[in-house]
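Below: one structure, written as structure tokens.
The values are calculated or read from the model by the stated rules, or taken from the named source; none is laboratory data. Because the structure is predicted, anything quoted here is derived from the model rather than measured. Reconstructed Cβ throughout: ideal geometry from the backbone, glycine too, with neighbour counts over all protein chains shown. Please note that ligands, DNA and RNA were not included when accessible areas were found on the heavy atoms of the full protein model with its side chains. Shrake-Rupley method; radii C 1.70, N 1.55, O 1.52, S 1.80 Å.
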Amino acid sequence: MKKGWLTKCLPGDEPINSQPFEKIDYACGLLVLFVSFGVYLWTLMPTVGLYDGADMTAAAWVLGIPHPPGYPFYSLLGKVWMTILPIGNLAMRLNMLAALSGALIAFFSYFITLKIIGTQSAIARIIPSVSSALTLAFTVTIWQQATFAGQYLFNLAFASLVIFIVIKWGKLSSRKYLYLLAFLLGLSLGHHRQTLFLLPGTFFFILIISWKNRIREKIKLPKEKWAKLVFPLYSKILFIIRLPYTLRLTPSTLIIMLLLFLLPISIYLYLPISAASSPPINWSNPNTLTRFLETINGERYSFLFAKIGALERILEAIKQTRSFFICQFTFYPLLFGLLGIVVMAIRRVSCFLLLAIIFLTDILVSVSYRHPSIELYYMIPSLIGSIWIGFGIWGIICALSKNLRLLGIIFLLIPLFPALSNYKINNRSRYYFTYDYALNTIKPLRENAVLILTGSDLEVFNIWYFRYVERLREDVVLVEPHNFHFEWAVANFKKAHPDIPFELYPVKKEVLSFNEVKWQRIEDMVKKNLQNRPFYIFPGPGILTEYEFIPEGIFANITKSDIPKEELLRIVDEDRMNMVRYRTFQQNSCQDSTAQVCITNTAVAYFNRGRLYYNLGQWEKAILELKKAIKVDPSYDLAKSLLSQIYKEQARK
């Protein structure tokens with residue numbers, strides 16, 4: 001029978017490659033590792049990073065507790081890594097760990113694809129594996145996360161290693177791989193609960209492979225007449241009893257797997273041990289059983305999960321998946337991925353089901369999570385998508401005649417699509433926005449100042465980095481309002497700063513919102529300590545309305561509202577904004593949304609000085625400050641408007 005084109009695209013019936021890798025396989029795997037690691041180092045952020053990077057860096061350095069679930073594995077590994085690596089500043093060292101994690105993900109992705117493809121010719125198996133692995137390495141989110149410290153790439157690194165071990169066990173059916181799998185699952189859960197997304201697909205794969213390799217024994221029917229009546233029930237009971245042995249999953253094997261799974265999870269004991277030492281970064285202070293469980297369960301973020309129906313969940317998943325994958329891979333590589341789904345579904349059914357179940361579990365659960373950076377939770381589907389891209393390339397190469405297969409080398413150009421598309425937005429080699437912004441916040445503060453950190457997590461975490469890692473301005477006391485309605489946060493503060501008194505509930509009221517509680521505490525702190533210490537805050541609407549704010553650096557000095565005009569002018573004329581530096585604002589550096597926040601807030605600080613000078617009748621000084629604001633942020637219309645108003649008023653006079 002003549003074979004059609006589809007049959008040619010889907011050759012080979014071997015489910016998983018049982019042969020050991022050849023030298024050329026390892027060589028190409030190392031090539032993937034070094035290329036991706038080299039690109040990540042080239043685009044690496046030179047200092048403190050984005051998102052939770054500064055929180056993770058500072059907490060690891062002081063052996064504290066970062067935000068829930070506490071990340072004990074990352075904290076311990078990060079501390080060791082920063083201590084032994086003798087290159088660059090501490091933040092850059094942990095950024096390099098992120099780069100290595102990203103490169104290892106591409107490395108494992110290469111071997112997963114290679115393993116599933118099977119024993120084909122070198123061209124047919126290596127080109128799809130290399131192309132898909134590098135395509136994954138250059139996706140937007142993975143490349144971004146590989147340029148600065150953070151916890152999310154560790155999730156994906158564990159996932160890629162777990163999938164590789166599962167697939168390798170699928171052919172060899174060796175107990176040692178099951179034991180290693182159990183240990184890795186426990187260790188990855190000691191980092192983040194996203195590992196749970198792997199469990200349904202992994203369990204299903206283990207069951208179908210175990211059933212395929214089951215021990216087949218015939219049960220003999222007794223000769224007695226009564227046996228014909230009892231035997232059906234007897235055989236079913238015996239089948240259930242013997243099922244673990246039939247599947248080669250004996251009780252002893254399962255017990256050892258359970259112990260190896262639970263052993264690394266005990267790393268969470270780090271949390272109460274660390275909390276007992278009162279580290280400067282001590283989220284949730286998990287020194288009680290209740291707070292310990294709340295921390296590892298991430299209960300403070302439970303409000304981000306939306307309750308949606310099944311149909312809405314599916315429709316939202318389709319919508320987000322389409323937009324996410326086009327953004328990550330660009331359009332053309334995804335065409336190979338769609339073909340790869342078909343190829344794998346027909347020729348590697350068990351592996352396809354493993355990956356598809358993991359893919360769908362991640363997408364359908366994450367779609368209800370209203371995280372502002374939800375793409376970070378779709379990185380496991382990105383890994384699986386890249387494997388499908390590799391299978392699409394493999395199908396096309398196999399469809400070519402043997403004389404034309406050398407043309408498959410052209411598929412090595414596929415990673416260039418995401419690489420060229422995503423290079424500019426991920427090149428953070430000169431990215432100092434967050435570093436300079438945090439430095440400009442803390443450096444101009446007066447001696448023994450109290451800094452009320454009203455900004456986003458990013459701003460708070462970067463100040464933590466300077467305060468606790470680089471040990472800059474150790475005289476400054478940090479107040480973090482976001483957690484100040486929690487008793488544990490107040491207890492931590494009072495223990496660290498007993499010389500700054502305030503009442504827990506200064507205003508007696510039967511019902512208080514969290515927002516009312518924290519700001520009443522902070523207002524009472526300012527009221528009782530303003531005579532002894534300078535207080536700083538980033539002024540905002542409805543915050544400490546009884547006071548005057550004098551811009552000194554990014555944040556403003558809190559003073560009494562009845563301060564004499566001459567004294568107010570004297571303080572402003574000290575111009576502590578001279579300490580502010582912004583080396584990258586005018587350079588050709590990656591300017592993302594975080595950079596824009598840094599630029600805008602710096603411009604606002606100059607604008608506030610200009611407006612204050614204007615209100616004091618110092619128009620010439622106001623003009624200078626407003627021009628500085630416009631220089632920092634040329635799109636700052638409010639500064640342009642006030643500057644225009646001053647010019648008009650000068651013209652009238």
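Residue-level check: of (1) out of contact with any Lys or Arg (no Cβ under 8 Å at 6 or more places or on another chain); (2) open to solvent by 10 Å² or more (accessible area, probe 1.4 Å); (3) of a type in the set (S, T, N, Q), Thr441 misses just (2). Against the test of being touching a helix residue (DSSP H, G or I) at 6+ places or on another chain (Cβ under 8 Å), at pLDDT 90 or above and open to solvent by 10 Å² or more (accessible area, probe 1.4 Å), the options Leu504, Leu512, Leu472 yield a single qualifying residue, Leu472.
Somewhere in the stretch 570-590, is a residue among the polar types (S, T, N, Q) and closer than 30 Å to Ala489 by Cβ? No, because not a single residue in the stretch 570-590 is among the polar types (S, T, N, Q) and closer than 30 Å to Ala489 by Cβ.
To keep it simple, each residue is scored yes or no on (1) surrounded by fewer than 18 Cβ atoms within 10 Å (Cβ to Cβ); (2) assigned to a helix (DSSP H, G or I); (3) touching a residue at least 12 places away in the same chain (Cβ under 8 Å); (4) β-branched (Val, Ile, Thr).
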{"residue": "Thr594", "(1), (2), (3), (4)": "no, yes, yes, yes"}
{"residue": "Val597", "(1), (2), (3), (4)": "yes, yes, yes, yes"}
{"residue": "Ala603", "(1), (2), (3), (4)": "no, yes, yes, no"}
{"residue": "Leu626", "(1), (2), (3), (4)": "no, yes, yes, no"}
{"residue": "Pro634", "(1), (2), (3), (4)": "yes, no, no, no"}
{"residue": "Ala639", "(1), (2), (3), (4)": "no, yes, yes, no"}
{"residue": "Leu643", "(1), (2), (3), (4)": "no, yes, yes, no"}
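Apart from one condition, Gly617 fits all of (1) under 29 Å from Ser456 (Cβ atoms); (2) of a type in the set (Gly, Ala, Ser); (3) modelled with pLDDT of 85 or more; (4) not in a helix (DSSP H, G or I); the exception is (1). Note on the stretch 280-311: residues that are part of a helix (DSSP H, G or I) and surrounded by 13 or more Cβ atoms within 10 Å (Cβ to Cβ) total 9.
Residues that are open to solvent by less than 10 Å² (accessible area, probe 1.4 Å) and of a type in the set (Gly, Ala, Ser) were ranked within the stretch 171-200; the one that is farthest from the chain's Cα centre (by Cα) is Ala182.
Taking the numbered list (1) among the aliphatic types (A, V, I, L, M); (2) free of Cβ contacts under 8 Å to residues at least 12 places away in the same chain; (3) closer than 22 Å to Tyr301 by Cβ in turn, Leu512 passes all entries but (3). Annotation: Phe34 fulfils all but one of (1) part of a helix (DSSP H, G or I); (2) surrounded by 21 or more Cβ atoms within 10 Å (Cβ to Cβ); the unmet one is (2). Criterion applied to Leu181, Leu196 was being at pLDDT 85 or above and either in contact with a strand residue (DSSP E or B) (Cβ under 7 Å, 6 or more places away or on another chain) or under 23 Å from Gly118 (Cα atoms) (or both), and the one residue passing it is Leu181. With respect to (1) assigned to a helix (DSSP H, G or I); (2) among the small types (Gly, Ala, Ser); (3) open to solvent by 50 Å² or more (accessible area, probe 1.4 Å), the lone exception for Gly392 is condition (3). Considering only residues in the stretch 96-153 that are outside any helix (DSSP H, G or I), closer than 20 Å to Gly340 by Cβ and modelled with pLDDT under 95, the one that is least open to solvent (accessible area, probe 1.4 Å) turns out to be Gly118.
The listed residues are Glu574, Glu567, Glu548, and the only one of them that is surrounded by fewer than 18 Cβ atoms within 10 Å (Cβ to Cβ) and in contact with a Ser or Thr (Cβ under 6 Å, 6 or more places away or on another chain) turns out to be Glu548.
In the set Ala54, Ala91, Ala60, which member is without any contact (Cβ under 8 Å) to a residue 40 or more places away in the chain and open to solvent by less than 30 Å² (accessible area, probe 1.4 Å)? Every option except Ala60 fails the conditions. For the stretch 605-614, a tally of residues being open to solvent by 20 Å² or more (accessible area, probe 1.4 Å), closer than 22 Å to Phe433 by Cβ and either hydroxyl-bearing (Ser, Thr, Tyr) or not in a helix (DSSP H, G or I) (or both) returns 0.
Tallying residues that are among the β-branched types (Val, Ile, Thr) and in contact (Cβ under 8 Å) with a residue 60 or more places away in the chain within the stretch 150-205 yields 4. Return the total of residues in the stretch 487-500 being of a type outside the set (Gly, Ala, Ser), under 15 Å from Ile281 (Cα atoms) and either in contact (Cβ under 8 Å) with a residue 12 or more places away in the chain or buried (at least 18 other Cβ atoms within 10 Å of the Cβ) (or both). The qualifying residues number 6.
Where strands (runs of 3 or more DSSP E) sit wholly within the stretch 446-537, those with at least 3 residues that are in contact with a Phe, Trp or Tyr (Cβ under 8 Å, 6 or more places away or on another chain) occupy 450-452.
Considering only residues in the stretch 323-357 that are among the aromatic types (Phe, Trp, Tyr) and open to solvent by 30 Å² or more (accessible area, probe 1.4 Å), the one that is farthest from Ser421 (Cα to Cα) turns out to be Phe352. Within the stretch 555-564, the set of residues being assigned to a loop (DSSP other than H, G, I, E, B) and either open to solvent by 50 Å² or more (accessible area, probe 1.4 Å) or out of contact with any strand residue (DSSP E or B) (no Cβ under 9 Å at 6 or more places or on another chain) (or both) comprises Ser561, Asp562, Pro564.
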